[in-house]
Amino acid sequence: MAKISAAQLKQLVEAAIFVADGPLTKEQLQNTVLQDLKVSKKQLDEALVELELDYRPRGIQLVEVASGYRFQSMDSLSPWLSKMWHEHVPRYSRAMMETLALIAYRQPITRGEIEDVRGVSVSSHIIKTLSERDWIKIVGHKEVPGRPALYATTRQFLDYFSLKSLAELPPIEEFVPPEQDDDELTLHLAQEINQTVSAPQDTSTDVNESEQTINQEQLH
């Protein structure tokens, strides 16, 4: 195998992540651009750490999300960068954000369990939209009469919010007083999620037509 200097390794890894269609894992880097090069896992780790430090003070940063490493703009720049596109970032209904928050913090969870917490039925359009957005998926069926579907969040959900794992979700107690019960905590957090969705960290995310229609509908 050919050898490569530390400087060349940084350049190659930087270029690979930059031109990739989506986030790249260390394994993907090792099995593609580094396949014919003598690069250890330690060397790759060091290159990624150095790149992250190099970009930290810049407008573009190297971050690790659930699907791997990617470059993205600083979240604090979103209000200005959003002016480059004519589309308005969608504002999701409170019902949709409460549903998403419950799935994120209670997964796996059934539609009926979500309805028990919210006190109202969950619109099929909400489940469809979250599924089409690739934020939720069916991970099984609960062993009760009717075998209702169990919903959980996806890797795309984590990527969108720049999270590596569910462990990085903020503790619910940070948002509301501890004397409130778990259901109230989760529903309150939905408001925080809605604000985040309005200014996503992944500025490359497209807005599709189904999302644009959400504001025009009153969902329960």
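Structure notes:
- Segment 1-37 residues near the modelled residue 54 label - backbone nitrogen below 14 Å, point 7 Å along Cα→Cβ: 5-19
- Centre separation in Å (Cα based) which lies between segment 1-61 and segment 88-130: 38
- Solvent exposure ordering (accessible area, 1.4 Å, most first) of 85, 80, 135: 80, 85, 135
- The alpha carbons of segment 36-143 occupy a box of 54, 41, 23 Å along the principal axes, longest dimension given first.
- Extension gain for residue 165-residue 64 works out to 35.3 nm (0.36 nm per residue, less the C-alpha to C-alpha distance).
- Size of segment 103-146 as Cα extents on the principal axes (Å, biggest first): 28, 23, 21
- Filter on 128/164; 10/164; 38/137 - keep pairs with C-alpha separation over 30 Å: 38/137
- Furthest towards positive pole of dipole, 66, 30, 16, structure part segment 1-76, Cβ charges: 30
- Solvent-accessible surface ranking, highest first, for 141, 125 at 1.4 angstrom: 141, 125
The values are calculated or read from the model by the stated rules, or taken from the named source; none is laboratory data. Everything numeric in this text was worked out from a predicted model, so none of it was measured. Note that we place each Cβ from the backbone using ideal geometry, even for glycine, and neighbour counts take in every protein chain shown. Note: areas computed on protein heavy atoms with side chains; ligands, DNA, RNA excluded. Shrake-Rupley method; radii C 1.70, N 1.55, O 1.52, S 1.80 Å.
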